[in-house]
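To keep things clear, I will list the structure first and then write my remarks on it.
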Amino acid sequence: MKSMHDLPKLLDAIDPRAALVQRHLWLISLFEWLRGDCSSVPASIARVQLLLDAVQARPEMQARVQAWWQTLVETIDGTTLLADYGFSSRSAFVSEFAERIRQKVLPGTPETADASALFSLVLSHGFDARWLAALDEAALARIASLLQTPQAAPAACAPPSISRWQGTVLEAITFCTSQVSATGFSPELRLRMSAPARDAGPFHCLMRDFETLRDVYLAAPDNDSDERQAALQQFRERLEACRGAAASVYTHLDAHGISVNLVFQLRQLRERVLRIRALLDCLMSVHPAASTARLLSHLVTVGQERRSVRALIASNSSMLAAKVAERSSETGEHYITRTLAEYRDMLGKAAGGGALTALTTWLKFLVMTIGLSAFWGGFWAGVVYAASFVLIQLLHFTLATKQPAMTAPAMAAKLKDLSGPRALDDFADEVTHLVRSQVAAVLGNVLMVFPAVLLISGALQLTMGRSMIDAKGAEYVFHSLTLLGPTALFAAFTGVLLFAASIIAGWVENWFVLHRLDSAMRYNPRITAVLGVERARRWADFTRANVSGFASNISLGFMLGLIPAFTGFFGLGLDVRHVTLSAGQLAAACAAIGWDVVREPALWWSVAALPVIGALNLGVSFYLALRLALRAHNVTGVDRARIGAVIRRRWRDAPLSFFWPTRDAVSQTPVKD
């Protein structure tokens with residue numbers, strides 16, 4: 001870190017006639033000195049004052065600084081910095097993602113004539129935004145006076161009556177305005193705007209209003225006339241009209257699916273409108289120096305964000321996350337049982353899911369007996385899982401571990417408003433209903449899959465003379481499921497996969513709706529010619545209703561089958577532990593050994609692992625889905641202590657309600673749609 005004593009050396013090293021890269025390296029060193037150790041804004045402000053004092057105390061040094069500044073502004077184009085810095089040169093989310101990865105991996109060079117590239121090297125720290133914004137009017141006036149050179153020529157496109165800086169700002173506004181107009185005329189936005197916004201045509205008049213303002217300004221740059229104020233007001237109102245028209249696209253996206261690329265373009269348009277307003281302040285406000293300092297501070301901030309991959313994903317996928325959470329919330333309501341009848345129905349559906357999972361267990365062991373390679377064994381196991389999960393969906397049965405990712409958004413939606421007198425008690429009721437529903441689903445799955453696997457194994461023994469697996473396979477099952485091993489870690493990892501499957505389901509459903517594939521299936525002439533109008537309608541309705549479930553079940557099946565193969569290839573050793581499938585495998589192992597298995601300690605360690613597997617499957621998936629839903633619903637400031645106290649009180653007063661519907665559940669429960 002450079003100390004105060006380094007300033008004389010820095011000033012003596014300034015050379016207006018040095019090579020381009022040397023001049024830029026000197027500028028980087030100067031701002032490193034101004035920045036200091038990034039611990040104190042007043043310290044950096046004091047360094048600025050010290051620099052100004054040292055330069056202005058020596059006339060020959062002031063002349064060298066002005067000559068150096070003159071050379072700098074003649075060799076780099078400041079328009080690109082003011083107009084384009086912080087914005088993507090690409091209109092697609094994926095290409096911008098790749099560009100940010102490139103910027104993070106590859107270093108920049110000071111040997112450049114690009115003002116944006118130089119700015120990112122000179123003002124490379126987020127702390128720079130703070131001390132720039134803290135500069136007072138007196139310091140800014142001294143800086144402006146120091147950098148004003150009488151012999152400075154105006155910009156090529158600007159008349160002699162304005163300075164180079166004014167011409168650069170005016171040209172930057174021209175570039176930004178043309179970008180806003182081009183984006184507003186793009187078919188992706190134009191076709192999705194509301195009818196009133198499209199009919200008003202704000203983008204058609206934007207350039208004309210700016211040209212009027214520019215002509216009035218160039219006619220008398222120093223005269224803040226009524227005519228200029230009227231033109232400025234008209235242009236500002238037109239900008240707001242353009243921003244409002246673009247914002248109307250969000251209503252269409254909310255109803256017809258979210259496009260991340262389109263959200264990316266809308267955010268770029270909004271930021272360009274805000275940049276134009278900031279540039280107008282730099283050109284026409286009462287205190288242009290302060291406006292310029294604020295703009296430079298903002299450019300530092302957006303430069304930091306421009307290099308952040310996380311910020312790109314978070315800002316442009318938030319609407320998609322909200323849409324996934326919203327649709328999951330609607331689906332999740334059907335997984336929460338509140339009455340005794342609903343509870344019994346859940347048990348029946350879960351039992352059906354357990355019975356089908358018994359067949360899945362048998363088919364999985366058949367795939368293992370073939371002796372395929374790791375990849376193909378995992379692939380065909382994924383096919384078995386996916387087909388089984390889809391069949392469970394089509395038969396309207398339930399797989400317990402699929403519920404948490406759907407029910408969590410429903411719970412998050414209820415956390416939006418806890419201000420009512422009975423809000424916390426009502427939320428505790430919902431938690432009770434949710435836990436009871438999960439318990440019913442797990443019990444239905446596990447208590448059915450175990451005897452069903454035993455029954456299949458017995459049938460195989462009678463018809464084929466052998467059980468589902470042999471004694472060696474049973475030993476492997478006990479070894480893999482024991483609570484003494486990494487079972488808990490693998491169960492938590494499976495919870496992550498369950499959550500990932502729900503995200504894939506939401507994304508696929510959004511993609512299906514966004515591209516209007518249900519309408520295409522219903523009305524496309526080639527499809528109706530093959531299927532007929534009525535059958536095409538039924539297929540379209542069926543696909544629209546089930547596309548999310550298909551995506552979730554198929555993706556989960558292949559993840560359960562293939563991820564262990566991939567993690568094994570890379571030496572990670574991660575495996576999956578699904579509570580229903582694990583219970584089925586344990587039953588097959590018991591059938592292979594017979595009644596003597598009850599004397600095996602390995603059996604009881606595996607039995608003890610089942611509740612842990614179930615809890616982690618459900619808990620991790622629910623936690624991740626709840627976190628996503630809370631962010632998507634903008635739920636903040638939740639008083640976790642009050643909520644926890646109410647739930648603990650409910651557990652003390654009525655522990656049975658977490659496992660079985662109470663008598664008054666029917667009367668207190670609203671009817672579901």
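The values are calculated or read from the model by the stated rules, or taken from the named source; none is laboratory data. Treat the numbers as computed from the prediction; the structure is a model and nothing was measured. Don't worry about glycine lacking a Cβ; one is built from the backbone with ideal geometry, like all the others, and counts go over all protein chains shown.
Here GLU271 passes the criteria (1) within 22 Å of THR212 (Cα to Cα); (2) touching a residue at least 24 places away in the same chain (Cβ under 8 Å); (3) of a type in the set (D, E, K, R) except the one numbered (1). Looking across region 415-457 at every residue that is basic (Lys, Arg) and surrounded by fewer than 17 Cβ atoms within 10 Å (Cβ to Cβ), the one that is modelled with the lowest pLDDT is identified as LYS416. Against the condition of a type in the set (Asp, Glu), more than 37 Å from the chain's Cα centre (by Cα) and over 21 Å from TRP131 (Cβ atoms), how does ASP6 come out, does it pass? Taking the combined requirement at face value, the residue does not satisfy it.
Among residues of region 492-520 that are in contact (Cβ under 8 Å) with a residue 24 or more places away in the chain, those with a beta-carbon under 7 Å from a residue that is part of a loop (DSSP other than H, G, I, E, B) and charged (D, E, K, R) at least six positions away or on a different chain give the pairs THR494/ARG577. The condition of being surrounded by 14 or more Cβ atoms within 10 Å (Cβ to Cβ), in contact with a Pro (Cβ under 8 Å, 6 or more places away or on another chain) and of a type in the set (Val, Ile, Thr) holds for only one of THR71, THR79, that being THR71.
Exactly one residue out of MET368, MET406, MET464, MET411 is modelled with pLDDT of 85 or more and either in contact with a helix residue (DSSP H, G or I) (Cβ under 8 Å, 6 or more places away or on another chain) or crowded, with 22+ Cβ neighbours inside 10 Å (or both): that is MET368. Here no helices (runs of 4 or more DSSP H) wholly within region 155-259 include at least 3 residues being at positive phi. Between LEU347, LEU340, LEU366, the distinction of being without any contact (Cβ under 8 Å) to a residue 24 or more places away in the chain and farther than 23 Å from PHE550 by Cβ belongs to LEU366 only. Applying the criterion of being free of Cβ contacts under 8 Å to residues at least 60 places away in the same chain and not β-branched (Val, Ile, Thr) to the residues of region 78-105, the residue that is farthest from VAL273 (Cα to Cα) is ARG102. Taken over region 184-238, residues that are of a type in the set (Asp, Glu), under 35 Å from the mean Cα position of the chain (by Cα) and within 20 Å of ILE276 (Cα to Cα) amount to 1. Whenever a residue of region 639-658 is within 21 Å of ALA440 (Cα to Cα), its partners that are surrounded by 11 or more Cβ atoms within 10 Å (Cβ to Cβ), lying with C-beta atoms within less than 6 angstrom and at least six residues away or across chains, give the pairs ILE647/ALA428; ILE647/VAL431; ARG650/ALA428; SER657/THR432; PHE658/THR432; PHE658/VAL435; PHE658/ARG436.
Every residue, every condition in (1) touching a Ser or Thr at 6+ places or on another chain (Cβ under 7 Å); (2) part of a helix (DSSP H, G or I), yes or no:
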position: LEU7; (1), (2): no, yes
position: PRO16; (1), (2): yes, no
position: LEU34; (1), (2): yes, yes
position: SER39; (1), (2): no, no
position: ARG47; (1), (2): no, yes
position: VAL73; (1), (2): no, yes
position: LEU81; (1), (2): yes, yes
position: SER88; (1), (2): no, no
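Can you confirm whether region 535-554 contains a residue that is part of a helix (DSSP H, G or I) and under 18 Å from VAL620 (Cβ atoms)? Yes - at least one qualifying residue is present in region 535-554.
Looking at region 104-126, can you tell me whether even one residue there is exposed (fewer than 14 other Cβ atoms within 10 Å of the Cβ) and assigned to a helix (DSSP H, G or I)? Yes - at least one qualifying residue is present in region 104-126.
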